[in-house]
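Data first, discussion second: the structure below is written as structure tokens.
Each reported figure results from applying straightforward, stated rules to the coordinates on display, with no laboratory input. Everything numeric here is computed off the predicted structure, so don't read it as measured data. Cβ placement follows ideal geometry from the backbone for every residue including glycine, while neighbour counts extend to all protein chains displayed.
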Amino acid sequence: MKIVYFSVTGQTKRFVKKLTMNDTYEIDPIDPEIEVGEPFVLIVPTYEKDITEPVTDFLYYGNNQELLQGVAGTGNRNFAELFVFTAKDIAMEFNVPLLYTFEFNGTTKDVTNFEKAVKEIES
Ligand SMILES: Cc1cc2nc3c(=O)[nH]c(=O)nc-3n(C[C@H](O)[C@H](O)[C@H](O)COP(=O)(O)O)c2cc1C
């Protein structure tokens, strides 16, 4: 499964680098309109909508939204009820499962759990 992600301060990118999966693509905030062309799972950090707008632009481009299989979110639990709202909103808007949530760049356990969740939707 391809992993597509967005990262503002580098935490999501650090998480992705820890994965055993190496078919990854980082959404470019300057040029988000790229057709991914294959099924993918999205990992997004949590910020106000104007900051995560490139993710929405990416998802609405071409047939990307039809290829989206699920979403995972990274955030900070100090934000309480706003924890990982970006991933939750995307899951609702595009009607895909919220596969996994974690804080910052994730622990070793988060890496294992996320990869397990991806394998489950692949089977
Ligand atoms: C300005 C700002 C606002 C944030 N707002 C939220 C939030 O509402 N909810 C949340 O769960 N995390 C929030 N976070 C935490 C980030 O989403 C989290 O640290 C994430 O791992 C950052 O990923 P990135 O470094 O790949 O951008 C915020 C962080 C910053 C700096």
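Laid out as a table, the results:
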| item | result |
| --- | --- |
| Largest-first ellipsoid semi-axes for the chain, taking √(5λ) over the Cα gyration tensor eigenvalues, angstrom | 19, 17, 14 |
| Selected from VAL71, PHE102, VAL8, residue furthest toward positive end of dipole (the range 2-122; charges at beta carbon) | PHE102 |
| Helix-only CD estimate at 222 nm, as mean residue ellipticity for the chain, using -39500 (n - 2.57) per DSSP H run (n ≥ 4) | -11500 deg cm²/dmol |
| Principal semi-axes in Å for the range 1-57 [√(5λ), Cα gyration tensor, largest first] | 18, 15, 8 |
| Lys, Arg +1 and Asp, Glu -1 on Cβ, resulting dipole of the chain about Cα centre, debye, nearest 20 | 720 debye |
| Residue exposure sequence - SER123, SER7 - by fewest surrounding Cβ within 10 Å | SER123, SER7 |
| Charge sum, other residues only, whose C-beta stays under 13 Å from GLY73's C-beta, Lys/Arg counted +1 and Asp/Glu -1 | -1 |
